[in-house]
Amino acid sequence: MTNAKNATPESQRPRAYELNHYPWHLGKVPPTVKVGGEEKPHPAWRSAIFVVHGMGTQVITETAATLRSGFEDVIESLLAWERKEGIETPLAALGAIPPPLIAEGYWANYEDLKATFPEDWADLDGRKRNFFAALWRTRLLSPTRTFFWLLRQQARLLNPRVIWEVGLFAWFLYIPLQVVSLAALLITLLRWRKILSRVLADVRLYVAPEGITERAIVQRIDYRVGSEFLRMLGLDWEFRPLPSKKQRKLKKKPLNFERVIWVAHSLGTVISFNVLSDLFAKAEELSASGDAKQRRGVEKFQKALRRFVTIGSPLDKIAYLFGERTLRPWPSPDRQKLVSGGETIAGQGERSPREWWINFYHVLDPVSGPLTSPLICGQKPPLNLHIGFWALPGLAHVAYWRDSLTLRFVLSRVYGRTFLQDKEYKPQSALGIKVIAAIGYIVWAALIMTLAFAAVVLLPRYIIQMIS
């Protein structure tokens, strides 16, 4: 039981008949909130999160629900920090902070012809539908196609220039890693073919599409993600207002947001990078040649996109391995000319760089890392933040959904400083980064050497047993 003396607004239980005490979804959020004695529009009606998932057998709303669940785990620690610092923001004073609306840029059902190309599906007769559905399955869901593609990528990394570019110490890790990777691929092909066709195939398709059909599908993935983001603002791809029937609605009223944080995970960060490139390019074009409605749409887009948050991102690796064959770099102007989002870092003055692109990574996540490649960052890398060290190698790739640093950062910034605050997060010092990297290197070295030994000694016996 909560001690009444130490009770906080969020821990006090309401009476059973106070049914609307908790604004657990947007329909229960009041239209206004008091700020300095003055009624102002509630930020939950104006602010939202757009999330793009990574590879794998995702289902729609799964990623959004995972993010929302993480928010519910950290909200009380955020409020406790405010009380400790003597800060009383309008939402904290209510004691029941409404969760932000989380919209999803869903793309994982690309193998569904009807869902991905609805206009074309409507124009095809039954026989053509069957033909193209079969073609897509052949192109997209073949485990052997993905297996041999991954082998080719592994062979590419045997080029001697890799030693020079990645460094000698990384090369020592790389040699046994090839044994482990090959063994893992063989076992996956023999026992878990769906991992190749339903998970790793996502990477093969998006980063290196082959043939006109695959390239058309990848373009449509980008189009769908961009459309869902623009829909949050009530805009179409021409930056004109969406027709009423296509807009987001709540209780039959249009629901357009003025402040959106874009969150992307894993392969979703690569998709998001390309989609943002296209949105920036289109906005730049319409700023110069669009009509009055389009220019207003561009201004709305630039003001609404407050932050870009990447978690577990392989963007640096994709830039190194595939370059502009996979990535469409952002337009040349400084990115602060492309958006009006972010806020200046507290205590550093209005002339300081805005905190707009933030990248969370973990040294035990083999996919992620700090983002520094000039191809993706230009002259200014994002704010690279390493999350808490304790996570199992490999499983660190999904640890972001439970990491308090990541979740509090996003949650505290979706509504803005006026309504909710949290501590500032700064990158680790150069020494701290070296210590973290050294520990990570030791852990990976021990793990990979053990796996390599097991692959060399035990794998042949396993394969013989499988065959016999």
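The values are calculated or read from the model by the stated rules, or taken from the named source; none is laboratory data. Nothing here was measured: the structure is a model prediction, and the numbers come from that model. For neighbour counting, all protein chains shown are included, and Cβ atoms are generated from backbone atoms with ideal geometry for every residue, glycine included.
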| message | Looking at the structure I just gave you, is E238 out of contact with any Phe, Trp or Tyr (no Cβ under 8 Å at 6 or more places or on another chain), part of a helix (DSSP H, G or I), of a type outside the set (G, A, S) and at pLDDT 90 or above? | response | no
| remark: Quick count over segment 91-113, residues being part of a loop (DSSP other than H, G, I, E, B) and farther than 20 Å from P43 by Cα, is 8
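So which residues in segment 17-34 are part of a loop (DSSP other than H, G, I, E, B), aliphatic (A, V, I, L, M) and surrounded by 10 or more Cβ atoms within 10 Å (Cβ to Cβ)?
As a first pass, look at segment 17-34 and keep what is part of a loop (DSSP other than H, G, I, E, B): 17-25, 29-31.
When the remaining residues are screened for being aliphatic (A, V, I, L, M), the result is 19, 29.
Scanning segment 17-34 gives a single hit, V29.
Kindly state which helices (runs of 4 or more DSSP H) lie completely within segment 364-468 and contain at least 3 residues that are in contact with a Leu (Cβ under 9 Å, 6 or more places away or on another chain) and modelled with pLDDT of 70 or more. Break it down into steps so the answer makes sense when it comes.
Details: elements: 374-377, 404-414, 430-467.
Those helices (runs of 4 or more DSSP H) span 374-377, 404-414.
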| field | From the options P90, P100, residue that is buried (at least 16 other Cβ atoms within 10 Å of the Cβ) and modelled with pLDDT under 90 | value | P90
| request: Tell me, please, whether a residue that is over 30 Å from K194 (Cα atoms), surrounded by fewer than 21 Cβ atoms within 10 Å (Cβ to Cβ) and in contact (Cβ under 8 Å) with a residue 40 or more places away in the chain can be found in segment 46-62. | output: yes
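Take the residues in segment 243-254 that are in contact (Cβ under 8 Å) with a residue 12 or more places away in the chain and outside any strand (DSSP E or B), then tell me which one is farthest from S287 (Cα to Cα). Quick ask: steps written out before the conclusion?
Taking segment 243-254 first, the residues in contact (Cβ under 8 Å) with a residue 12 or more places away in the chain are 246-248, 250-251, 254.
Of the ones still in play, those that are also outside any strand (DSSP E or B) are 246-248, 251.
Working: K246: 24, Q247: 23, R248: 25, K251: 34 Å.
Within segment 243-254, the match that is farthest from S287 (Cα to Cα) is K251.
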| said: Residues to consider are L230, L279; find the one that is modelled with pLDDT of 95 or more, touching a helix residue (DSSP H, G or I) at 6+ places or on another chain (Cβ under 7 Å) and assigned to a helix (DSSP H, G or I). | reply: L279
| said: Could you check segment 35-64 and list, in sequence order, the residues that are assigned to a strand (DSSP E or B), within 18 Å of P100 (Cα to Cα) and not hydroxyl-bearing (S, T, Y)? | reply: K40, P41, A48, I49, F50, V51, V52
| query | Name the pairs whose Cβ atoms lie under 6 Å apart, with the first residue in segment 268-289 and in contact (Cβ under 8 Å) with a residue 24 or more places away in the chain, the second surrounded by fewer than 22 Cβ atoms within 10 Å (Cβ to Cβ) and among the polar types (S, T, N, Q), and 6 or more positions between them or separate chains? | reply | L286/Q294
| note | In segment 310-334, anything among the hydroxyl-bearing types (S, T, Y), touching a strand residue (DSSP E or B) at 6+ places or on another chain (Cβ under 9 Å) and assigned to a loop (DSSP other than H, G, I, E, B) is listed as S313
| task | Would you be able to say whether some residue in segment 63-77 is in contact with a Ser or Thr (Cβ under 6 Å, 6 or more places away or on another chain) and either crowded, with 16+ Cβ neighbours inside 10 Å or touching a residue at least 24 places away in the same chain (Cβ under 8 Å) (or both)? | result | yes
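Determine, yes or no, whether S244 is farther than 25 Å from Y110 by Cβ and among the polar types (S, T, N, Q). Break it down stepwise before answering.
Working: farther than 25 Å from Y110 by Cβ: yes; among the polar types (S, T, N, Q): yes.
Here the answer is yes, as S244 does meet what is asked.
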| Scope segment 103-153; condition farther than 23 Å from Y223 by Cβ, among the charged types (D, E, K, R) and surrounded by 15 or more Cβ atoms within 10 Å (Cβ to Cβ); matching residues | R145
| Only listed residue being within 20 Å of F50 (Cβ to Cβ) and assigned to a helix (DSSP H, G or I), chosen from I187, I195, I261, I221 | I221
| message | Here are the criteria: (1) buried (at least 19 other Cβ atoms within 10 Å of the Cβ); (2) more than 27 Å from S412 (Cβ to Cβ); (3) polar (S, T, N, Q); (4) modelled with pLDDT of 95 or more. Tell me which single one S272 does not satisfy. | response | (2)
| note | Flagged pairs (Cβ under 7 angstrom, 6 or more apart or on separate chains; first in segment 193-204, touching a residue at least 60 places away in the same chain (Cβ under 8 Å); second assigned to a helix (DSSP H, G or I)) are L200/T146; L200/L150; A201/L140; A201/T146; D202/L267; V203/L267
| query | Any residue at all in segment 288-309 that is in a loop (DSSP other than H, G, I, E, B) and of a type outside the set (A, V, I, L, M)? | reply | yes
| said: If I go through segment 200-230 residue by residue, how many of them are of a type outside the set (A, V, I, L, M, F, W, C) and within 18 Å of the chain's Cα centre (by Cα)? | reply: 8
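Test A264 against the stated conditions and say whether it is more than 28 Å from H386 (Cβ to Cβ), in contact with a strand residue (DSSP E or B) (Cβ under 8 Å, 6 or more places away or on another chain) and aliphatic (A, V, I, L, M). Even if it seems obvious, please write down each step before you answer.
Details: more than 28 Å from H386 (Cβ to Cβ): no; in contact with a strand residue (DSSP E or B) (Cβ under 8 Å, 6 or more places away or on another chain): yes; aliphatic (A, V, I, L, M): yes.
So A264 fails the test.
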